[in-house]
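Asks: I have a structure I would like to understand better, so I am pasting it below and will then ask my questions one at a time.
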Amino acid sequence: MSEDTVSLLDIAKNFIKAAPNAPQAGLATLKALTLGKEKQNSIGALLEKQAQDNPQNIALRYLDQSFTYAEFNQASNRYAHYLAQLGIRSGDAVAIFMENRPEVLMAVAGIVKLGAIASMINTSQRGDVLKHSLTLVKPKRIIVGEELAAPLLEVAADLGDHFAGQCLYVRESATAELPQGMVDLDSELTHQPVHNPSTTGRVLLGQPAYYIFTSGTTGLPKASVMSHLRWMRAQYGLGQAAMFMQPEDVMYCSLPLYHNNALTLCWGSAMGAGATLALARKFSASRFWDDIRQYKATAFCYIGELCRYLLAQPAKNNDQDHNVRVCMGNGLRPEIWDEFKQRFGIERINEFYGASESNIAFTNAFNVDRTAGFCPLSFAVVEYDIDADEPVKNAKGFLNKVKAGGTGLLISEVTEKMSFDGYTDKSASDSKLMRDVFKKGDCYFNTGDLVRNQGYKHIAFVDRLGDTFRWKGENVATTEVEGAVGDWAQVETGCVYGVEVPGADGRAGMAAITPTCDLAEFDFDGFIAHLNAALPSYAVPQYLRFREAQEVTGTFKFRKVELKKQGFDPVACGEPVYALQKNKYQALSA
């Protein structure tokens, strides 16, 4: 049995350890699976219930500010009443363009209490991409923070009706000058009532709550639909069933609120338990553990690269001086899992797998190391041909499932109870659905992810289909190579992708590297020896490109489109490029 295959014994041992919380976990799982689209329940209704049942519990902390559930609920009600006065109704979209701060969550809560939809704009977007996201879902209003007014004003002339008189300005400093054509939202909110709006009780679980935009690494962003139902299932399935959140817990979130990990998993896990969400403005590797200690956090949310950045910080004597009992996230690579867990003394890593548009999620509910976790719903891992870029069909025209230990494409069955909310663009949604997969008439969602079937309904993430490439007749997972590249001490970050080589089949591996030292000091001999020991020969990058910094999204995903286009041409790259020749990296001249 490989180290990546889940052991039934491990599951049993960890289940016994969690036995005191088993009743809570079982009840939460049952609630998550039995929720229905047509039921009158919502994010806003849960907030109002917590404000009634636990009014003095701290709902949110940010810097030196704190808000009880009663205070937070009243603040969100002000947003709801004002937006209702402006004519915002159920099904309308309201765009939010702000960095992490309390007003973002207050605005979201107010919007969804009306049955309206919060359109969460990526705060790193600029120019044409920003214009595209702001207009894609035709928002009736744009709520913008003072800190992001400048990039919004740069595209204002192209927004037309979506901008003129529609933009609500949220100050951060009392002396900020109100931009021309914008409404002073802070001033307007002071005159609004604080009672719960009557609309909250009419919102159904199946209604859209907000739009989460894809990163746009392979084109313009798409808006995926996040329903109240999926948010509620997440707070039950992850917050309560997997992490055993309690009212005394403090969930620390340093991820941007336009990301589902923050808005759904962090906020949902905290609110579902009547616990506290401690919000950071931005992620800081150097300040992370100081924030954890300041807020007395018992849990935090991560994405894989965040963990790698924390490990790259110099070790300190107080690395384990904290109250964290569990962390939750996705993308923690197996090669750094044990080191991360041991260095920072974290008892429970609740890795999960999911996507904004997906209809299922996996969670490491049994606390087994190096797995994306377990899913009780209907899914399959099927054989996939990387060269042909399509699933393998058998003689009957249906797909083949891989055995335990095998790698393939993850697909999830779409049924009435496991619906696919998709994107706002119907054609984009339809393109993600596969029909007649194992029998005539069935329907599955194509996740676009390669995973390893670990057995016992567990999986481990391997790579995105668009990133995996084939070289020398073998499939190369970029995540595996990035892990090996990043393990070298002289590498700060390494982005791996496949490039076309004239006269050769497939794509050769190339790594764009940001070094921790001057290029003249880089130990190429030691680096290639390290790669040869860590990777099979076909996976060792054939080309290296050195750059001062990587281009990444707001959630640390590498932007690879331009890198792939430029290939290994030193002129197109405009940066030092090296090729692997006779087991040595040699500089290519322009």
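Asks: Report ³J(HN,Hα) in whole Hz for each residue of region 396-409, in order, from the Karplus equation J = 6.51 cos²θ - 1.76 cosθ + 1.60 where θ = phi - 60°; Gly and Pro get x.
Replies: The phi angles translate into 8, x, 9, 8, 10, 7, 7, 7, 4, x, x, 10, x, 7 Hz.
Asks: Going toward the positive end of the dipole of the chain, with +1 on Lys and Arg Cβ and -1 on Asp and Glu Cβ, which of Gly91, Thr407, Tyr543 do you reach last?
Replies: Working it through, the farthest residue towards the positive pole turns out to be Gly91.
Asks: Next question, about the same structure. What aspartates and glutamates could a cross-link reach from Lys396, if we take a straight Cα to Cα line under 14 Å and drop same-chain neighbours fewer than 8 places away?
Replies: Within the straight-line cut-off, Lys396 pairs with Asp436.
Asks: Relative contact order, percent, of the chain when contacts are C-alpha pairs under 8 Å separated by at least 6 residues?
Replies: For the chain, the relative contact order is 11 percent.
Asks: Dipole of the chain (Lys/Arg Cβ +1, Asp/Glu Cβ -1, origin at the Cα centre): which of Val552, Phe213, Val501 lies farthest to the positive side?
Replies: Most positive-ward Cα: Phe213.
Asks: For region 338-409, what is the relative contact order in percent, using Cα pairs closer than 8 Å and at least 6 residues apart in sequence?
Replies: 20 percent
Asks: Which residues' amide hydrogens lie under 5 Å from the amide hydrogen of Gly406, considering only partners 5 or more residues apart or on another chain, with H built in the peptide plane?
Replies: The answer is Asn453.
Asks: Return the subset of Lys17/Lys316; Lys37/Lys296; Lys222/Lys584 for which the Cα-Cα distance in this structure is over 32 Å, preserving the input order.
Replies: Long pairs (Cα-Cα over 32 Å): Lys37/Lys296; Lys222/Lys584.
Asks: For Leu9 and Gln342, calculate 0.36 nm times their separation in residues minus their Cα-Cα distance, and state this gained length in nm to one decimal.
Replies: Result: 117.7 nm gained on full extension.
Asks: Enumerate the aspartates and glutamates that Lys560 could reach by cross-link, defined here as Cα to Cα under 18 Å, with residues fewer than 8 away along the same chain left out.
Replies: Glu305, Asp449, Asp463, Asp467, Glu480, Glu482, Glu492, Glu500, Glu548, Glu551, Asp569, Glu575
Asks: Can you list the residues, at least 5 places off or on another chain, whose amide H is less than 5 Å from the amide H of Val491, using H built in the peptide plane?
Replies: Thr516
Asks: Tell me the angle of helix 69-85 to the major Cα principal axis of the chain, expressed in degrees between 0 and 90 and rounded to the nearest ten.
Replies: So the inclination is approximately 80 degrees.
Asks: Ok, one more. Using alpha-carbon pairs under 8 Å, 6+ residues apart, how would you state the relative contact order of region 377-464 in percent?
Replies: RCO, region 377-464: 29 percent.
Asks: Starting from 0.36 nm per residue, how many nanometres of slack lie between Leu27 and Ala164 once their C-alpha separation is accounted for?
Replies: 44.4 nm
Asks: Something else now. Is any residue of region 137-165 close enough, with backbone N under 19 Å, to a label point placed 7 angstrom from the Cα of Val561 along the Cα-Cβ axis, and if so, which?
Replies: 137
Asks: Would you pull out the residues with amide H under 5 Å of Tyr353's amide H, same chain only if 5 or more places away, H placed 1.01 Å from N?
Replies: Amide H to amide H, under 5 Å and 5 or more residues apart or across chains, Tyr353 pairs with Phe362, Thr363.
Asks: Per-residue HN-Hα couplings for region 265-274, Karplus 6.51 cos²θ - 1.76 cosθ + 1.60 at θ = phi - 60°, whole Hz, x for Gly and Pro?
Replies: 6, 5, 5, x, 4, 6, 5, x, 9, x
Throughout, read-outs are computed from the coordinates displayed, never taken from laboratory work. Being a predicted model, the structure only gives us computed values, none of them experimental. Cβ sites come from the backbone with ideal geometry, for glycine too, and all protein chains shown count toward neighbours.
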